[in-house]
Amino acid sequence: MLGKTKGTHRNEYLPDHVVFDLETTGISCRTDRVVEISAIKVIGGQITDEFSSLVNPECPIPYRASMVNGITDDMVADAPLFPEVLDDFLTFIGDMVLVGHNIQSFDLNFLNRDCEALYGKVLMNDYVDTLKLSRLCLPGQRHHTLEDLASLYGISTQGAHRALNDCRMNAAVYQKLGEVLEESLKNAKKCPRCGSVLTLRTGRFGRFMGCSAYPACRYTENV
């Protein structure tokens, strides 16, 4: 769903959502391009539909990127261009909440860049970043990569770094994090402004309780 304001980050489990993932030519949302986009639609906690497409980036794919995702120039030579694929992707997701791993700092930047360039608007869909959710739910976990979390829960990592496989992996991880979150919420203190969980944080002046929905909600209170 496109509009003038970006969606809000949500640290919660939602049974209805769309998990999505991008593979790109590199890590810069200014200069790099999408080479694959995939998504999985989940309704009532069950996968109901999938979307996946390679994308012709109209430039050579760097060797280092191909080494990570396995996507080569030959594979995308006859693939559609991103404007066509993006239009189909937007139809697929509708106004559903988006879920992905590190999407706040990576994937959404690519999507919003291209949505602004093509439509003059940005994605208004609210989203859940499972990297942030993992850090909230599993503070004792040393590493929070998608593969580390999948291994923690006994979820297959076969085919990692291809977009659709990562979506399937992430959907299973999100469900597990939801179970952890549900258990922790039973006795968790809630933000009086927005209802999100208050978490212990450290700032310039020491420890304090802050809303997990930050920066959308900036409520704090002293420990």
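The values are calculated or read from the model by the stated rules, or taken from the named source; none is laboratory data. What you see is a predicted model, and the numbers here were worked out from it, not measured in a lab. Quick reminder, even Gly has a Cβ in these numbers, built from the backbone with ideal geometry, and neighbours come from all protein chains shown.
Residue-wise test of (1) in a helix (DSSP H, G or I); (2) surrounded by 12 or more Cβ atoms within 10 Å (Cβ to Cβ); (3) under 21 Å from the mean Cα position of the chain (by Cα); (4) outside the structural domain of ALA172 (by TED's automatic domain parsing).
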residue: GLU58; (1), (2), (3), (4): no, no, no, no
residue: ILE61; (1), (2), (3), (4): no, yes, no, no
residue: SER66; (1), (2), (3), (4): yes, yes, no, no
residue: ASP74; (1), (2), (3), (4): yes, no, no, no
residue: ASP88; (1), (2), (3), (4): yes, yes, yes, no
residue: THR91; (1), (2), (3), (4): yes, no, yes, no
residue: MET96; (1), (2), (3), (4): no, yes, yes, no
residue: VAL99; (1), (2), (3), (4): no, yes, yes, no
residue: ASN102; (1), (2), (3), (4): no, yes, yes, no
Legend entry - Any chance SER52 is in a strand (DSSP E or B) and among the polar types (S, T, N, Q): yes
Inset, instruction - Can you give me the number of residues within region 46-56 that are surrounded by fewer than 14 Cβ atoms within 10 Å (Cβ to Cβ) and touching a residue at least 24 places away in the same chain (Cβ under 8 Å)? - result: 1
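Residues checked against (1) over 14 Å from GLY45 (Cα atoms); (2) in contact with a strand residue (DSSP E or B) (Cβ under 8 Å, 6 or more places away or on another chain); (3) not hydrophobic (A, V, I, L, M, F, W, C):
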| residue | (1), (2), (3) |
| --- | --- |
| ARG162 | yes, yes, yes |
| ALA172 | no, no, no |
| LYS176 | no, no, yes |
| LEU185 | yes, yes, no |
Inset, instruction - Provide a single number: the residues in region 124-152 that are surrounded by 19 or more Cβ atoms within 10 Å (Cβ to Cβ) and of a type in the set (S, T, N, Q). - result: 3
